[in-house]
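Enquirer: This is the structure I want to talk about, given as structure tokens.
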Amino acid sequence: MASKEAVIKGLEKVKAKFQDVEVKNAFKDFNKSVQFVCPDIDLSYAIKVTGGEIKVFKEGTVKKPDINISMDSDTFLAFQNKEITSYNALAQDKIKVTGNVADLLLIEKYLI
């Protein structure tokens, strides 16, 4: 099991990707909340993206996130290290996602 600090550091890398012009442009029409959950370490992070910028980035939950991504901490870090793809994670039941498919594909391509 990965540490809470390691996962938070990984989430900070996700946030840093929004400094990239390509990422900002890809998310320019994206106005949604994303909930990342790692239940094995009791960690939830709420991220609100508006117009290609992160407006909310905090530990905690949102009542009705547009997208919910739940996985254990080791799987999250495996995504960060490009050791696993979303297709493999879904097939192995290592990740649970809810939300619009187009939004999920965008997030997978640019953020995890």
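Here, each number is a calculation from the coordinates, and none is a lab measurement. All values derive from a computational prediction rather than experimental measurement. As a convention, Cβ positions derive from the backbone with ideal geometry for all residues, glycine included, and neighbour counts pool all protein chains shown.
Enquirer: Enumerate by residue number the trypsin sites (Lys or Arg not before Pro) in the range 50-86 meeting two conditions: DSSP loop (anything except H, G, I, E, B), and at most 12 other Cβ atoms within 10 Å of the site's Cβ.
Expert: Answer by residue number: LYS63, LYS82.
Enquirer: Taking amide hydrogens as modeled 1.01 Å from N in the peptide plane, which residues meet the under 5 Å criterion relative to THR50, leaving out close sequence neighbours?
Expert: Here LYS55 satisfy the definition.
Enquirer: Considering the chain as a Gaussian network with a 10 Å cut-off on Cα pairs, which listed residue, ASN31, ASN88, ASN68, attains the greatest mean-square fluctuation?
Expert: ASN88
Enquirer: Along the range 38-44, what does the Karplus equation 6.51 cos²θ - 1.76 cosθ + 1.60 (θ = phi - 60°) give for ³J(HN,Hα), rounded to whole Hz, x for Gly and Pro?
Expert: 3J(HN,Hα) across the range 38-44, in whole Hz: 10, x, 5, 10, 6, 10, 10.
Enquirer: Give me the net charge for the shell around MET1: Cβ to Cβ below 9 angstrom, other residues only, Lys and Arg +1, Asp and Glu -1.
Expert: Once positives and negatives cancel, what remains is -3.
Enquirer: Hey, another quick one. Using helices alone, what [θ] at 222 nm do you get for the chain, with -39,500 (n - 2.57) per DSSP H run of 4 or more residues, divided over all residues and rounded to the nearest 500?
Expert: -10500 deg cm²/dmol
Enquirer: Non-local amide H neighbours of ALA2 (under 5 Å, H modeled in plane, Pro and chain starts lacking H): which ones?
Expert: Amide H neighbours of ALA2: SER73, ASP74.
Enquirer: Name the GluC sites (Glu not before Pro) in the range 1-104 that are in a loop by DSSP and that have at most 14 other C-beta atoms within 10 Å, would you?
Expert: Filter output for the range 1-104: GLU83.
Enquirer: Can you work out the Karplus-derived ³J(HN,Hα) for every residue in the range 72-86? Use 6.51 cos²θ - 1.76 cosθ + 1.60 with θ = phi - 60°, whole Hz, and x for glycine or proline.
Expert: Couplings: 6, 4, 5, 5, 4, 5, 5, 4, 4, 8, 6, 8, 8, 9, 5 Hz.
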